[in-house]
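Accompanying notes for the structure given below.
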Amino acid sequence: MLAAATLLSCEQYQDPINVVGNSWLGYQPFYVQNILHPELTPTQLNVTMLVSDVSVLRMLTNQAAAVAFLSLDNALSLNSRTDLNFCIAAVLTSSYGADAVLAHSDIDTKLSGEEPLLIGMEDSALSRFILSRWIELHEINPQRIKRQIVTPAGQLRAFERKQFDAVIAYAPFSQQLEQAGAVTVFSSREIKDEIIDTVIVRQSAWRQHKEALKSYVTNNWDQAIEAIANNQSEDFSTLAQLTGLSKPELKSALAGLQLYNSQASREFLATRYDQVSATVASHLVDSGLHANLKALPVCEGVL
């Protein structure tokens, strides 16, 4: 009997499904929910906020995590350079100003010259994508660009020390830079629908845990964004604390995002995803990051 009970216990036990993301504002409703309402999260899921895209990608490539909150360009890049076979389970947000190139106040003088431009940025496909679109649309000679790798958490201090001419940042770090006097010279407002934030899942994990994961990216997400919509709620206050922004600053930062509830996510995936992913893939190839990209399919049963 004891042996049978032990075997049953082992069969019932499952390793947690690690879900990871960086500290981008568009993912933080999930983190707030995890802090204030942990009972809502499916018991199989272990949700962790990491310091950067580099940390997220490392967890995924090492197979320490099977699910991630990731921008579409990072997701396409990761899926193309590994054999891990991801699928897209949801679209969370579209950036409309929350991703930006910020610079010192003398940037116009620098841009009008011919000397090299030192750009602080995270070493990710997203940062490279934004850089590529900025220099393309603003007709900046790419030969002038010199990249300096800096993590999002280190951008403010590096800016204050004038370690670069401009920096590629996302909310809430872009708001912190603006508070320190940085000026925005380019933002995702100029490239509508090109910076999409998603939930991606290894297809093997999706097949095994489909119901829990599907519930998480629909029911949990809908509850999370509804909770922060009330700026008098505890959820909104906690979100402000997590981002290090005042409530007015947070409200302004959220205005730079389009949040998709689960219904809007399904509609986007059904009607616009193919076109948007093709556009993003084309720019990633043009930027020299990839020779070609592998398609990132929608997870089975999402539509």
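Considering region 260-281 alone, what residues qualify as being of a type outside the set (Phe, Trp, Tyr) and farther than 22 Å from ALA125 by Cα? Scanning region 260-281 gives ASN261, SER262, GLN263, ALA264, SER265, ARG266, GLU267, ALA270, THR271. For region 67-118, taking the residues that are assigned to a helix (DSSP H, G or I) and β-branched (Val, Ile, Thr), the one that is least open to solvent (accessible area, probe 1.4 Å) is identified as ILE107.
A single entry from GLN241, GLN275, GLN223, GLN263 fulfils the requirement of being modelled with pLDDT under 95, more than 17 Å from the chain's Cα centre (by Cα) and assigned to a helix (DSSP H, G or I): GLN275. Among the residues of region 166-207, how many are small (Gly, Ala, Ser) and either part of a strand (DSSP E or B) or crowded, with 24+ Cβ neighbours inside 10 Å (or both)? Residues meeting the conditions: 6.
Among the numbered conditions (1) at pLDDT 95 or above; (2) touching a strand residue (DSSP E or B) at 6+ places or on another chain (Cβ under 7 Å), the only one that TYR170 does not meet is (1). Of all the numbered requirements in (1) closer than 18 Å to ASP197 by Cβ; (2) of a type in the set (A, V, I, L, M); (3) open to solvent by less than 50 Å² (accessible area, probe 1.4 Å); (4) part of a helix (DSSP H, G or I), MET59 misses one, and that requirement is (3).
Counting the residues of region 18-44 that are open to solvent by less than 20 Å² (accessible area, probe 1.4 Å), hydrophobic (A, V, I, L, M, F, W, C) and either at pLDDT 95 or above or in a helix (DSSP H, G or I) (or both) gives 5. Listed conditions (1) within 30 Å of SER215 (Cβ to Cβ); (2) of a type in the set (A, V, I, L, M); (3) in contact with an Asp or Glu (Cβ under 9 Å, 6 or more places away or on another chain); (4) surrounded by fewer than 24 Cβ atoms within 10 Å (Cβ to Cβ) are all met by LEU137, apart from (1).
Is it the case that region 196-203 has a residue that's of a type in the set (Asp, Glu) and within 20 Å of the chain's Cα centre (by Cα)? So far as region 196-203 goes, yes, one or more of its residues are of a type in the set (Asp, Glu) and within 20 Å of the chain's Cα centre (by Cα). For ASN292, the conditions (1) assigned by the TED database to the domain that holds SER77; (2) surrounded by fewer than 16 Cβ atoms within 10 Å (Cβ to Cβ); (3) farther than 21 Å from GLU190 by Cα are fulfilled apart from (1). Annotation for region 228-249: at least one member residue is surrounded by 13 or more Cβ atoms within 10 Å (Cβ to Cβ), touching a residue at least 60 places away in the same chain (Cβ under 8 Å) and in contact with a Phe, Trp or Tyr (Cβ under 6 Å, 6 or more places away or on another chain).
The set of residues from region 250-260 being open to solvent by 50 Å² or more (accessible area, probe 1.4 Å) and part of a helix (DSSP H, G or I) comprises LYS251, SER252.
The values are calculated or read from the model by the stated rules, or taken from the named source; none is laboratory data. The model shown is predicted, which means the values in this text are computed figures rather than measured ones. Cβ atoms come from the backbone with ideal geometry, glycine included; neighbour counts cover every protein chain shown. Note: accessible area is taken over every heavy atom of the protein model, side chains too, but ligands, DNA and RNA are not part of it. Shrake-Rupley method; radii C 1.70, N 1.55, O 1.52, S 1.80 Å.
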